[in-house]
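This report refers to the structure that appears directly beneath it.
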Amino acid sequence: MASAAGWAYDPPSNTWRRLPAAPLSGRYAKGVWTGRELVLLGGSDSFAVTAGAAYNPATRTWRKVPSLPGPRLYATFTWTGSEVLVVGGHALDEEPCRTYQDGLAYNPSTNRWRRLPDMSTARTFHMAVWTGRQLLVWGGVTTPGDHRSTPPYGVAYTSATNRWSAAQGAAARPGRRGRRMDRPGDAHLGWVLRGPSPQRRRRLPAADTFLTQLPS
């Protein structure tokens, strides 16, 4: 059952407290923390993301976020320090299902969305991580149906130039499905993959995990 309720956990006291009811409800909302607000997108009874809301814990209040132009399933949501980037995904209830090649950026300061340029290929079920300068997007599939294929390489979005480019050394790293990317604090990017490891990577003990130095 969909719900607008929420809870906040306080580690020092090891207790939970109830949050004010959100202006959207649903089982599949996704959120990012901006340093000031929790921005939630989604809130439907499907995986589609359309509506949004932002919660300020200092004032214990919610505000509505403008809806996306259209619903997206399995897009990625990443905070850059100034914008929430929503990239890729596929459309809801369309036959054949349309996969998105573009993205959207939400600026909490202006409460507005802007459209990002297209990637080199459409992606859904992919992963993304912010490096401090670029959004790295990897893996996923080009279509969610039976005839899906994996994009051949990763791409990088540079917010300063508003452009996409092939990820550094992408030709040596074949695309994957079902992976996870993290940005640890030591300026390395950790990847967890299913399938054989790409070339020129250092394998970590007891996991199909490898690290690559991020560009400065």
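Key figures
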| quantity | calculated |
| --- | --- |
| Modelled FRET efficiency - R0 22 Å, residue 112 with residue 8, Cβ distances, 0.05 increments | 0.20 |
| Förster-model FRET efficiency, 41 Å R0, residue 133 and residue 60, C-beta, rounded to 0.05 | 0.75 |
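A short reminder: the numbers here are calculations on the coordinates, not readings from a lab. As the structure is a prediction and not an experimental result, all values here were calculated from the model. Note that we place each Cβ from the backbone using ideal geometry, even for glycine, and neighbour counts take in every protein chain shown.
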